[in-house]
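Enquirer: Please find one structure pasted underneath; my questions will follow.
Laboratory data are not the source of any read-out in this text; all were calculated from the coordinates shown. This one's a predicted model, so the numbers in the text were calculated from it and none came from an experiment. Cβ coordinates were reconstructed from backbone atoms using ideal geometry, including for glycine residues, and neighbour counts include every protein chain displayed.
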Amino acid sequence: MPGELGHYALLLALVVACLQTVLPLLGAQRGHRDWMAIARPAAYAQLALVGFAFAVLTWAFVVQDRSFSYVAENSNSLLPLVYRYTAVWGAHEGSLLLWLFVLALWTAAVATFSRRLPQPVIARVLGVLGAVSIGFLALLVFTSSPFDRLLPAVQEGRDLNPLLQDPGMVIHPPVLYCGYVGFAVPFAFAVAALLDGHVDARWLRWTRPWTNVAWGFLTLGIALGSIWAYYELGWGGWWFWDPVENASFMPWLAGAALLHSQAVTEKRGSFAAWTLLLAIAVFSLSLLGTFLVRSGAITSVHAFAADPTRGVFILAYLGVVIGGSLLLYALRAPGTTSNARPFTFASRETLLLANNLLLAAACAMVLIGTLYPMFADALNLGKISVGPPYFSLLFVLLMAPLVLLLPFGPLTRWQQEQPNRIVAMLLPWAALAVIAAAIAWWLAPQGKLRTTLGIFAAAWLFAGTLRFVWSRFKANGKRFTAEMLGMTLAHLGIAVFVSGAMLADALVEQREVALSPGQSLQLHGEQYRFDGVSDHDGANYRANTGTITVLRGGNIVTTLHPEKRHYASGGQVMTEAAIHGGVFRDRYVALGEPLGGGSWAVRVHSKPMVRFIWSGALLMALGAFIAATDRRFRRKEDSA
Amino acid sequence: MNPTRRRRLIFVGLLVLAAAIAATLIALALQRNVNYLYTPTDVLKGDAGRHARFRLGGMVATGSFKRAQGSMEAHFVVDDGDARLPVVYTGILPDLFREKQAVIASGSMKDGVFVADQVLAKHDENYMPKEVADKMAEAHRKHAVPGQPPAGSN
């Protein structure tokens with residue numbers, strides 16, 4: 001019975017979402033205060049209903065109610081408890097429900113923290129969020145209900161995809177979705193501003209923290225996915241330019257552009273139309289990302305089932321949201337007013353414009369590379385795939401100028417600046433970066449070009465950003481705000497990330513060899529001794545556990561236990577890499593397959609700096625969160 | 001022409017220039033890094049001859065997998081229902097690599113053997129890469145082979 005209650009809750013939520021959309025939007029247009037007042041209670045009601053449906057599904061997984069076909073398909077009685085919770089979003093239906101639940105949370109948060117905004121604004125924002133929610137509710141209720149019954153119930157369920165049975169997968173999807181869905185808030189704001197016909201600095205000041213927080217979550221989500229791929233796929237890579245990774249990376253790039261353009265529009269009034277367009281684009285890319293992954297339109301390790309009716313529904317929904325908002329933009333943007341102040345060529349505005357152009361170009365490049373195979377297939381140009389070299393080459397080319405220009409941004413004044421002043425400030429630090437790069441060239445045993453570029457970029461970003469901090473502290477009487485602290489941390493995060501990304505790939509040492517028990521291999525001056533493989537039982541799998549002892553100069557450094565797991569249901573095999581990590585270097589060991597006579601294929605990597613990649617991402621996310629707490633964003637509104 | 005207009009003109013000109021450079025770069029990079037997928041039939045017909053590197057898709061033929069004891073060099077045959085092509089790969093095969101299952105191998109032809117530097121396998125028991133499924137469906141239709149399970153039913 002509770003299963004049906006879950007379904008009814010979703011139906012009821014659909015009705016509430018319709019009310020939340022239609023009445024407040026009409027009310028704001030016609031000035032009916034009563035209609036606008038519906039928005040807030042409706043947002044809370046929707047959270048309660050969707051939250052209830054989510055709880056019902058979770059409960060069905062925990063008690064293993066296999067009369068639900070979704071539960072039977074994605075879990076079984078052997079599944080450990082923690083993975084029963086995460087199995088909720090292990091496939092198409094449940095992940096849509098999670099998306100919707102996160103949207104309901106964000107909407108309720110907007111309803112709560114918007115007391116200071118004029119009523120028509122908040123009515124429009126909540127109305128647009130309601131409209132987004134209608135699409136997802138309809139998709140869930142009409143084409144992919146997770147509450148469909150399977151009668152009679154089956155004795156034993158299938159299993160959650162073993163790839164997803166991992167602690168990383170417990171938190172990766174919710175965090176990623178918080179990012180995707182969070183961009184619905186700036187989107188709703190942009191649509192509200194277009195309906196109103198005026199971009200007000202106060203509204204932007206109010207939206208910026210939401211964009212920051214959403215972008216921070218997206219950063220964390222992508223980093224978690226990358227860590228998961230690193231140790232779970234057993235290949236030792238951290239980024240594959242896989243279509244699903246690209247799907248999350250596109251809104252990230254566009255979101256980074258939005259953060260910066262919002263700052264310009266809020267502080268100077270410039271780029272107002274561009275900011276609105278970006279806000280629409282970021283959320284559209286988030287939707288596209290969600291559905292690319294979920295629709296099976298692209299071939300990828302993560303993609304779920306393809307079902308034609310869902311595909312059509314999803315396409316229609318994307319068409320309405322993206323097409324509708326772009327149409328509104330085309331009609332209203334030219335007439336939208338803002339208080340733009342003029343600026344000259346040498347100014348911070350110009351630098352931020354360059355930042356936006358480069359990030360937008362990178363985003364377009366990823367979009368083209370990701371969708372090109374789909375279009376080629378549709379146009380009968382052959383079955384093709386776009387290789388990682390396309391993405392890496394163009395991404396580095398596009399990001400190089402961004403890295404070079406970044407330290408100039410915070411130091412340069414708004415409106416008008418003497419270029420000589422900034423060049424004089426940064427010249428010593430540029431020289432320092434060049435010296436560091438030269439030393440790197442001399443020391444690097446391999447991958448000289450990559451190492452040198454990586455060290456130069458990291459040193460330049462690091463020194464340039466610290467130069468900004470120094471000049472702020474030297475200038476007496478100027479506060480160092482949370483916004484500045486956040487920006488500084490995020491920019492330092494880029495330096496850390498760049499050093500990790502460039503050096504990990506340039507200096508990696510790896511070998512794939514056949515080893516018999518007792519044999520060993522040499523890597524990075526260390527001896528990896530293979531001590532054979534034994535069997536052991538896990539909760540829902542049997543594992544071959546290898547033992548590899550790492551020795552340096554005859555002393556044991558560590559013992560690693562990589563595994564080959566055979567899952568009980570479905571007979572799937574999973575590789576669990578064993579990693580001995582340090583700040584500066586990871587020892588990474590994965591088992592291949594048995595080669596007969598007790599010998600195994602073994603993959604060993606010595607990866608320097610790989611943790612810098614995710615530490616950098618963490619710093620960027622932290623910076624975004626800290627910037628969102630700036631007091632300026634919470635100031636009582638008196639003047640524009 | 002007043003200064004504002006001239007500034008705008010320069011700005012728009014730069015923008016167009018940047019867009020043109022970006023478009024050229026993207027087109028060039030795409031051209032170089034696109035990998036086509038062929039079945040053994042296509043390869044034997046000579047369709048793949050134009051490309052030094054390509055991807056080969058099909059099923060691993062029953063009983064074709066061979067690997068000398070203690071050696072990393074794997075030999076197997078990829079079959080699309082119409083034609084067969086021997087493949088050699090040195091290294092660790094993916095977890096889900098098995099006979100009678102779909103694979104996609106990247107590499108190039110050398111003396112009638114496909115030398116692969118990367119092998120990807122389907123990722124669960126029912127899933128077949130859509131592109132391979134499409135290509136194989138053609139071969140099956142021609143020979144009236146009983147249908148494969150639908151792609152991606154999980």
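Enquirer: Starting from the Cα of A:R30, step 7 Å along the direction of its Cβ; do the same at A:F345; then give the gap between the two resulting points in nm.
Expert: A separation of 5.5 nm, rounded to one decimal place.
Enquirer: Taking 0.36 nm per residue of separation and subtracting the Cα-Cα distance, what length does fully extending A:L11 through A:L327 add?
Expert: Residue separation times 0.36 nm, minus the Cα-Cα distance, leaves 110.8 nm.
Enquirer: Follow-up question, since we're still on this one. Provide the FRET efficiency to the nearest 0.05 for the A:H198-A:S534 pair, computing r from the beta carbons and using R0 = 60 Å.
Expert: 0.25
Enquirer: Ok, one more. Which entries of A:K564/A:K607; A:K478/A:K607; A:K383/B:K100; A:K564/B:K66 show an alpha-carbon separation above 32 angstrom in the structure shown?
Expert: Distance filter (> 32 Å) returns A:K478/A:K607.
Enquirer: Taking the beta-carbon count within 10 Å as an exposure proxy, list A:M250, B:M59, A:M425 from fewest neighbours to most.
Expert: A:M425, B:M59, A:M250
Enquirer: For the stretch A:88-233, rounded, prolate or oblate, judged on the Cα gyration tensor with a ≥ b ≥ c (square roots of eigenvalues), a/c < 1.5 rounded, else prolate if a/b > b/c?
Expert: Oblate.
Enquirer: Which one, A:I435, A:I422, A:A475, is farthest towards the positive end of the dipole of the stretch A:422-510 when Lys and Arg carry +1 and Asp and Glu -1 on their Cβ?
Expert: Of A:I435, A:I422, A:A475, it is A:A475.
Enquirer: Would the stretch B:7-81 count as rounded, prolate or oblate if I go by the C-alpha gyration tensor, calling it rounded below 1.5 in a/c and otherwise prolate when a/b exceeds b/c, oblate otherwise?
Expert: It is prolate, given that a/c is not under 1.5 and a/b is the larger ratio.
Enquirer: In addition: Run the dipole for chain A about the Cα centre, Lys and Arg Cβ at +1, Asp and Glu Cβ at -1, nothing else charged, and hand back the magnitude in debye, nearest 20.
Expert: In total the dipole reaches around 2560 debye.
Enquirer: Still on this model: When only C-alpha pairs under 8 Å and at least 6 residues apart count, what is the relative contact order of chain A, in percent?
Expert: The normalised contact order for chain A reaches 12 percent.
Enquirer: If R0 is 25 Å, what FRET efficiency do you get for B:V16 and A:T336 from their C-beta distance, rounded to 0.05?
Expert: The formula returns an efficiency of 0.50 here.
Enquirer: Now, a different point. When a/c is below 1.5 the answer is rounded, else prolate if a/b is larger than b/c, else oblate, so apply that to the protein assembly as shown with a ≥ b ≥ c taken from the square roots of the Cα gyration tensor eigenvalues.
Expert: Judged from the Cα gyration tensor, the protein assembly as shown comes out oblate (a/c at least 1.5, b/c at or above a/b).
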